[in-house]
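Accompanying notes for the structure given below.
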Amino acid sequence: MIREITVKSVLNKKKQRDSWFLDDYTLNPYEGCSFNCQYCYVRGSKYGENMAETLAVKINACEVLDRQLAFRVKKDQRGIIALASATDPYIRIEEKLRMTEGFLKLILKHRFPVLMITKSDMIVRDLALLKEIDTAAIHAADLRDTFHRGTIVSFSFSTLDESIAATLEPGAPSPQKRLEAMQRCREAGLMTGVNCIPTLPFLSDSDEVLEHMIVSAKAHGAEYILIGGLTLFGDGPADSKTLYYKFLQRYSPAHIADYKRLYRIFHAPSPDYLHNLQTRAAQLCLKHGIRNQLV
Ligand code: SF4
């Protein structure tokens, strides 16, 4: 039985617009995420090792969102809303509770632009709504003349390898299903692309594997591909670093020493590693004629 919580606020305004995703707001219908990715940064002591067990629905969120969006319109504070940032908008329970669908209806009512970030093919259920938002949305004043899409659909991947994905993202639909859903979104006329975030050091960051990701994404309708590194936080039993090392122990013990070197001091790989990853990603995107940024 999913926990029900009430909230006073559901729309979060960012201090500044996100430089990668261009969103000014984030919005999450659920607390926790049953996709349970082992590298997920939202886990830790609050949600525990199995986030499917501690999941909560923000039961009054639609009523609160309606008020908050009306207030932002009145203040002329429009901006792209990222749905979602700390859960997936299409976890399994969405099929029954339809919170994301309720949010999208309100986003359409108040004519905000939306950025959908998901690992799920359930998004095709909402294609009609997303298309309406695409044409109805009004952007923030500084984007109005340059950006004309009201809906962006970004599919998240860490790998296309089905066996790694099944272990590392145990509750999420398979990478192949995500690719097929992306194709459906593109065929419906929506702007779509891929966040290859996180790219997994030694497992999905070689030129060969990145190129396979780029070619597959493009073949399934992606207009852009964002490539970013893996962060690993904490040493507690439910923290992402602990769970990721458990995954490595099972899946690729030979790489544990490499990871210990790469994450020796910080929760992210060294600036040199990240620079090298970004440079190679940019070259490969150029080679295949696909943007490595949203616009
Ligand atoms: S889909 Fe996103 S929010 Fe959900 S567990 Fe995976 S990384 Fe975390």
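Some points to look at:
- Of the set (1) surrounded by fewer than 18 Cβ atoms within 10 Å (Cβ to Cβ); (2) in a loop (DSSP other than H, G, I, E, B), all apply to Ala254 but (2).
- Whenever a residue of the stretch 116-132 is charged (D, E, K, R), its partners that are open to solvent by 60 Å² or more (accessible area, probe 1.4 Å) and away from the ligand (no atom under 16 Å from the Cβ), lying with C-beta atoms within less than 7 angstrom and at least six residues away or across chains, give the pairs Asp121/Glu180.
- Taken as a whole, the stretch 61-72 holds no residue that is out of contact with any His (no Cβ under 6 Å at 6 or more places or on another chain), open to solvent by 10 Å² or more (accessible area, probe 1.4 Å) and either assigned to a loop (DSSP other than H, G, I, E, B) or within 16 Å of the ligand (Cβ to nearest atom) (or both).
- Scoring Ala188 on the criteria (1) free of Cβ contacts under 8 Å to residues at least 60 places away in the same chain; (2) of a type in the set (A, V, I, L, M, F, W, C); (3) in contact with a helix residue (DSSP H, G or I) (Cβ under 6 Å, 6 or more places away or on another chain); (4) over 24 Å from Glu49 (Cα atoms) leaves a single failure, condition (1).
- Taking (1) at negative phi; (2) within 18 Å of the chain's Cα centre (by Cα); (3) buried (at least 20 other Cβ atoms within 10 Å of the Cβ); (4) of a type outside the set (Lys, Arg) in turn, Gln183 satisfies each apart from (3).
- Criterion applied to Leu277, Leu286 was being under 30 Å from Glu180 (Cα atoms) and either over 23 Å from the mean Cα position of the chain (by Cα) or not in a helix (DSSP H, G or I) (or both), and the one residue passing it is Leu286.
- Any hit, the stretch 22-41, residues being open to solvent by 60 Å² or more (accessible area, probe 1.4 Å), part of a loop (DSSP other than H, G, I, E, B) and within 13 Å of the ligand (Cβ to nearest atom): yes
- Residue, farthest from Phe157 (Cα to Cα), within the stretch 73-96, restricted to residues that are surrounded by 19 or more Cβ atoms within 10 Å (Cβ to Cβ) and away from the ligand (no atom under 16 Å from the Cβ): Arg78
- Number of the exception - Pro269 against (1) open to solvent by 50 Å² or more (accessible area, probe 1.4 Å); (2) not in a helix (DSSP H, G or I): (1)
- Strands (runs of 3 or more DSSP E) (entirely within the stretch 79-166) containing at least 3 residues that are under 22 Å from Arg184 (Cα atoms) and touching a Cys at 6+ places or on another chain (Cβ under 9 Å): 151-156
The values are calculated or read from the model by the stated rules, or taken from the named source; none is laboratory data. Keep in mind the model is a prediction, meaning the values are calculated, not measured. Note that each Cβ is placed from the backbone with ideal geometry, even for glycine, and that neighbours are counted across all protein chains shown. Heads up: the accessible areas ignore ligands, DNA and RNA and are worked out on the full protein's heavy atoms, side chains in. Shrake-Rupley method; radii C 1.70, N 1.55, O 1.52, S 1.80 Å.
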